[in-house]
Every structure is written in structure tokens, then in C-alpha cells.
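> Please see the structure below; I have some questions.
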Amino acid sequence: MEIQVCYFARIRELLQRDTESVQLPGDALTAGQVLDWLQARDAADWQQLPADWPVLFAVNQHMATSDTVVHAGDELGLFPPVTGG
């Protein structure tokens, strides 16, 4: 299945891209499974983030969890924790 992945903030800086289309195995994966796949593909880049640093998800511009199912044609946003002040 093909999805669009959008990277934000520090993740975008590390990966040096803001968006990409990716071809994933299967018909539906969870957001967490997609993240695992991306981290395995680009392990050296992802290892620059602290191991305990959570990644937040949005599917089709709606906040999601790692258990949210992503289908072909969906947009998955990945971004770091947000703080304000």
C-alpha cells in the first residue's frame, strides 16, 4: 500500500525531508508499525533522537495513537512532543 508521510520539527531536520510517498507491505498497518518500518529503513537517522523520546501521530490530519490503522492513500504525520510556554 502507498501512503504519504509528513515529518515535522526535529524529525524533519534529522531526515532532511518534509514529506514522502512510501510503499508499505500489506493492506493496512498501524501507525506504530509504519513508524517501526521507517525507523528500520533509516536507522542511522532515527538513532539521533533520544531512545525515550515519543513520536506523536496524526492520520489524515487528526491526532492518532500508535494503534490507529493506516490504509492505502492515507497521510501519516510524525512529530515530536510539543511544548509551549
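The values are calculated or read from the model by the stated rules, or taken from the named source; none is laboratory data. These numbers come from a predicted model, not from an experiment. As a convention, Cβ positions derive from the backbone with ideal geometry for all residues, glycine included, and neighbour counts pool all protein chains shown. Heavy atoms of the whole protein, side chains included, go into the accessibility calculation; ligands, DNA and RNA do not. Shrake-Rupley method; radii C 1.70, N 1.55, O 1.52, S 1.80 Å.
> Given a 1.4 Å probe and every protein chain left where it sits, what share in percent of the accessible area of the chain is carbon and sulfur?
The computed percentage sits at 50.
> Same structure, new question: Compute the angle between helix 31-41 and the longest alpha-carbon principal axis of the chain, please, reported from 0 to 90 degrees and rounded to the nearest 10.
Taking Cα atoms only, the helix is inclined about 70 degrees.
> With a cap of 15 neighbouring Cβ atoms within 10 Å, and only residues DSSP puts in a loop, list the trypsin sites (Lys or Arg not before Pro) found in the chain.
Arg17
> How long is the gain from Asp52 to Gln4 if the chain were fully straight, where each residue apart is worth 0.36 nm and the alpha carbon distance is subtracted?
Full extension from Asp52 to Gln4 adds 14.7 nm.
> Go ahead and collect, in residue order, the members of region 3-35 whose backbone nitrogen is under 19 Å from a label point 7 Å along the Cα-Cβ direction of Ala72.
It comes to 3-5, 21-31, 34, nothing else.
> For Ala64, enumerate residues with amide H under 5 Å from its amide H, sequence gap 5+ or separate chain, H modeled in the peptide plane.
Long-range HN contacts for Ala64: Phe57, Ala58, Val59.
> Sticking with this one: For the chain, what is the accessible area per residue in Å² when the probe is 1.4 Å?
59 Å²
> Work out the charge dipole of the chain with +1 on the Cβ of Lys and Arg and -1 on the Cβ of Asp and Glu about the Cα centre, then indicate which of Gly32, Ala9, His71 is farthest towards its positive end.
Checked the options; the winner is Ala9.
> Applying a 10 Å radius around every beta-carbon, put 45-55, 65-75 in order of their mean neighbour count, most first.
Ranking the peptides 45-55, 65-75 by packing returns 65-75, 45-55.
> When only Cα pairs under 8 Å and 6 or more residues apart are kept, what is the percent relative contact order across region 1-67?
For region 1-67, the relative contact order is 30 percent.
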